[in-house]
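**Student:** Sharing a structure here in structure tokens format.
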Amino acid sequence: MAIRERLSGNEAVATAMRQINPDVMAAFPITPSTEIPQYFSSYVANGKVDTVFVPVESEHSAMSAVIGAEAAGVRAITATSSCGMALMWELLYVASSSRLPLVMALVNRALSAPININCDHSDSMGARDAGWIQIYSENSQEAYDNMLMAYRIAEHKDVRLPVMICQDGFIISHGVENIVLLEDDIAKKFVGEYHPEEYLLNSKEPLAVGPYATAPYFMESRRAHAEALKHAKKVILDVADEFEKISGRKYGFFETYKTEDADYIMIVIGSAAGAGKDAVDILRNQGIKAGVLKIRMFRPFPAEQIAEAVKNAKVIACMDRAEGFNTNCGPIGSEVKSALYDAGIQMKVVNYVYGLGGRDVPVADLKTVFEDMVQIDKDGCTGETYRYLSVRE
């Protein structure tokens, strides 16, 4: 029987972690993810989990500890934000290239400087090429559900890669909302037990993790890594199908909202999708065929599927909550344009940077994005393709 609760995103993720009961958690506090290890350490202290909690001196050490634990053959997890993940940078690559299926809860926050503790996606987007699977959440419910699915994806024999479960700082992490939890026994059964085939503490099969690779071997390791990401696409859908059977909640690579006949489609990621859907409802009532495509899985990127989903639109807007610093486009804009090009689809695309450093993203502002798309369609000219939304110029 489902359990109805009112939880913040941080508490929802910590609850999922309690139900998973990982073997090791290592973490260092950083706003706005601090509550996750705080909640979880209380579960450890109260005997609700039998996890070994490792309080470390930095985020670099936190990732080092979970890498060591996973390499040894146990489930390990951590949580961080922003500059904390930046301090893990070299180890993100170690975790993925060593094919270690650990999980990280990332609460998205702007990178410094100037110092800012609020939401944008500069941290996770900066790590988009680190070889991790990246899954984003629109709300607390999705953050909880995504965390429960994370190990099933990471540990699959065809994948064996680390997974980053992302949620927007403060907007989701500290915003309390109604969510539905699985019962503990159902969640535990869904996640299952971890039985690695190869690990450092297996005395019967000596193993090296992260050895030196000379030129004749290094490229093959990267090729195998890339193939694992391809395999992850099917695994992510298979795990989502199984999760739907026990929860009634359906997940895919992305979610579409009124896109079937849409002339104007906004492609967005994270919490702003909710405001985007509200803008669509307003415009639909005005006779404008607007729609939203919300990306859930950003790595690996579902290029073919997104191109297929938007191919009949007249204009699309790619919404980036991170500056690409290339004067041309943001991370989502880059991926979508590439997907359209490879699919042989020519259409007008405009790319917006929005919501940096926690800048509010009201429905009215997203409504102007659709109005811009309508104008582009009328004029037949995109104009400036890389724009800022709601900024004092």
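**Student:** Could you tell me which of rounded, prolate or oblate describes the range 254-388, using a ≥ b ≥ c as the square roots of the eigenvalues of the alpha-carbon gyration tensor, with rounded for a/c under 1.5 and, failing that, prolate when a/b is larger than b/c and oblate otherwise?
**Tutor:** Rounded is the answer for the range 254-388, as its axis ratio a/c remains below 1.5.
**Student:** In debye, nearest 20, what is the charge dipole magnitude of the range 3-247 about its Cα centre with +1 on Lys and Arg Cβ and -1 on Asp and Glu Cβ, if you could check?
**Tutor:** 320
**Student:** Could you list Met17, Met149, Met347 in order of exposure, starting from the residue whose Cβ has the fewest other Cβ atoms within 10 Å?
**Tutor:** The most exposed by this proxy come first: Met347, Met149, Met17.
**Student:** Tell me which of Pro211, Leu148, Val315 sits at the most positive position along the dipole axis of the chain, charges placed on C-beta atoms (Lys, Arg +1; Asp, Glu -1).
**Tutor:** Val315
**Student:** Let me ask another. Semi-axes of the chain's equivalent ellipsoid from the Cα gyration tensor, sqrt of 5 times each eigenvalue, largest first, rounded to whole Å?
**Tutor:** Equivalent ellipsoid of the chain: 35, 23, 20 Å, largest first.
**Student:** While we're looking at this one, here's another question. Neighbour counts of other C-beta atoms within 10 Å: give me Val391, Val44, Val239 arranged from fewest to most.
**Tutor:** Exposure proxy ranking, most exposed first: Val391, Val44, Val239.
**Student:** Place a point 7 Å from the Cα of Ala2 along the Cα-to-Cβ direction; which residues of the range 168-200 have their backbone N under 14 Å from it?
**Tutor:** Inside the label zone: 178-183.
**Student:** Please rank Cys119, Cys381, Cys329, fewest neighbouring Cβ atoms within 10 Å first, as an exposure proxy.
**Tutor:** Lowest count first: Cys381, Cys329, Cys119.
**Student:** If you don't mind, another one. Once you put a point 7 Å from the Cα of Thr214 and another 7 Å from the Cα of Asn328, both along the Cβ direction, what distance in nm separates them?
**Tutor:** Between Thr214 and Asn328, the label points sit 3.8 nm apart.
**Student:** Another question, if that's okay. With each label point set 7 Å from Cα along the Cα-Cβ vector, what nm distance links Thr256 and Ser42?
**Tutor:** 4.3
**Student:** Can you pull the one-decimal nm distance between simple spin-label points at Asn285 and Lys311, each 7 Å off the Cα toward Cβ?
**Tutor:** Each label point is offset 7 Å from its Cα along the Cβ direction, giving 3.5 nm.
**Student:** Also, I was wondering about something else. Helix-only estimate, please: 222 nm mean residue ellipticity of the chain, summing -39500 (n - 2.57) across DSSP H runs of length 4 or more and dividing by its residues, to the nearest 500.
**Tutor:** That calculation yields -13000 deg cm²/dmol at 222 nm.
Every number here is computed from the coordinates shown, using simple stated rules; none is lab data. Not measured: the values here are computed from a predicted model. FYI the Cβ positions are ideal-geometry reconstructions off the backbone, even for glycines, and counts take in every protein chain you see.
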